[in-house]
Each structure stands twice: as structure tokens, then as C-alpha cells.
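Take a look at the structure set out below.
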Amino acid sequence: MWDDLHKSPEETYLTEISIVTGEVDNHIKHLKKWSRPKRITTPIHLLPSSSKIMYEPLGVALIVAPWNYPFLLLISALVGSISAGCCSVLKPSPDTPTVAKVMEDMISENFDSNYISVVQGGRETNTILFSQPFNIIFFTGSPKVGKVVMKDEIFGPILPVITFEHTDETISYINQNEKPLAFYYFGKNKGAKDVLAKTTSGGACVNDTLMHITNHNLPFGGVGNSGIFS
């Protein structure tokens, strides 16, 4: 820190390291509770159905840190990403090269690069990274750098029908494509639990369609591609 920012050891501990270790302790203490499915009140007009929120990893996270708190704003976000079960690509600030190299060495020594990796570079590297289909981006910096062009989404009265021999075929098809805004399963509850555990969507209904949005106690939104700008 001293080489890059002339931060004293005391300031470094107070404003960077201690906050991260506190974050780690907090996640270890509460993660089991945070990740537990949460049963939600079901309005009377939707009875006898039941409602719950299921927490699952979003996918791959891109974490881009600024120069002023180079360790805190990279590693604290990584703590959350790991707790959420996500893989991560870390992009340290090029303006703090000593800290960036230390963090890269630390990550490579402790994590498999298939799950967490560090990418070094400047604006050109940022441009390449921002063009990739990350499931979530944690970015700290100027609005100009972080601005992303919105994409149009079209809803049309089209219902494609695809036949299948086994449920595993549908699961494979779903997981090979962008995560859907909503998922509807028709069948027995046992089969529904299995399919929902193996797929990801913004919302889901079992033996019904659309009705999950009528429960104001449930969150509404997409995930990944279906959640961007929604």
C-alpha cells in the first residue's frame, strides 16, 4: 500500500484489511441462514398453493476495483461472490500495480483458476471484459466507464413447442441457453423439485403460469440476461 498510495500500515489495516476480515467473519456466521429457502406468505386468492424464495448462484461475476481502496473493493466483493457460490473474474486497478500483483499472487496460490482468476490491464482490458456475458458485474468507478448500452427486448405472442423423450433433455436445453425470466413446470411436485434444483430462472410456477407475479410478497425480476436492465 505504501508503494502505491503511501498508505500507512495503520490506515491500511483500518480501511482495507479489517473491513475484509470482518466481512469474512460475518458471512461465515450468517451464510447458512442466508442460503436457506425462505417461505413467503401466499395471498388467499392463490391458495392452496405455497410460495418460497430459493437462493442460488447467479453464475460468473466480474469484479472491477478502483485505485483508492484497491484491496477492500476487490476482495470484499469476492467474499460475497464466494458465499453466493459464484465463480469470479477479478480486475484490479492498474494504478496500484504493487497491490494488484500481491492480490494476483494471493488468489493464484489459494484458488483454482477455473473458479477464481485475476486479469490485469488498463482500459482496453476493461473494454474486452465488459463485452463478455457476465452474470453480474461489481464495478466501482466513474459512470462514464461503467455505462452500458441498453438492449431491446421483444415480447411476442409466440409459443414454440419442442418435443422431448426425457426430462433431462429439457434441463440440458434450458441450461445451454440464457436464463429465462420465468419457468413453468407441469407435473408432480417431486419432479418439480428436481427440475427447479437443476435450473435457474427469475421466477417459477408449478402447475400454473404467471401467477407468481400476483404474489406481492415474492420478488419479481430476471436473472442474468433476462435480468439486465429490468
May I ask you to verify whether Ser93 is assigned to a loop (DSSP other than H, G, I, E, B) and buried (at least 16 other Cβ atoms within 10 Å of the Cβ)?
-> yes
**Q.** Test for Ala84: is it in contact (Cβ under 8 Å) with a residue 60 or more places away in the chain, over 17 Å from Ile17 (Cβ atoms) and surrounded by 15 or more Cβ atoms within 10 Å (Cβ to Cβ)
**A.** no
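Table: residues versus (1) in contact with a helix residue (DSSP H, G or I) (Cβ under 9 Å, 6 or more places away or on another chain); (2) under 25 Å from Gly224 (Cβ atoms).
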position: Leu14; (1), (2): no, no
position: Lys29; (1), (2): no, no
position: Ile40; (1), (2): no, yes
position: His45; (1), (2): yes, no
position: Ser50; (1), (2): no, no
position: Pro70; (1), (2): yes, no
position: Ser81; (1), (2): no, yes
Heads up, the helices (runs of 4 or more DSSP H) in the stretch 135-230 (entirely inside) with at least 2 residues that are among the aliphatic types (A, V, I, L, M), over 30 Å from His45 (Cα atoms) and modelled with pLDDT of 90 or more are 167-176
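Looking at Val60, Val20, Val119, Val79, which one is surrounded by fewer than 19 Cβ atoms within 10 Å (Cβ to Cβ) and either in the same structural domain as Gly221 (by TED's automatic domain parsing) or within 30 Å of Ala192 (Cβ to Cβ) (or both)?
Going through Val60, Val20, Val119, Val79 in turn, the sole match is Val60.
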So, first residue closer than 19 Å to Glu56 by Cα and assigned by TED's automatic domain parsing to the domain that holds Leu218 in the stretch 167-191, second residue hydrophobic (A, V, I, L, M, F, W, C) and assigned to a helix (DSSP H, G or I), Cβ within less than 8 Å, six or more apart or across chains; the pairs are Ile171/Val195; Pro180/Ile174; Phe183/Ile174; Phe183/Leu196; Tyr185/Ala192; Tyr185/Val195; Tyr185/Leu196
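The values are calculated or read from the model by the stated rules, or taken from the named source; none is laboratory data. What you see is a predicted model; the values in this text were computed from it and never measured. Every residue, glycine as well, gets a Cβ built from its backbone with ideal geometry; the counts of neighbours run over all protein chains shown.
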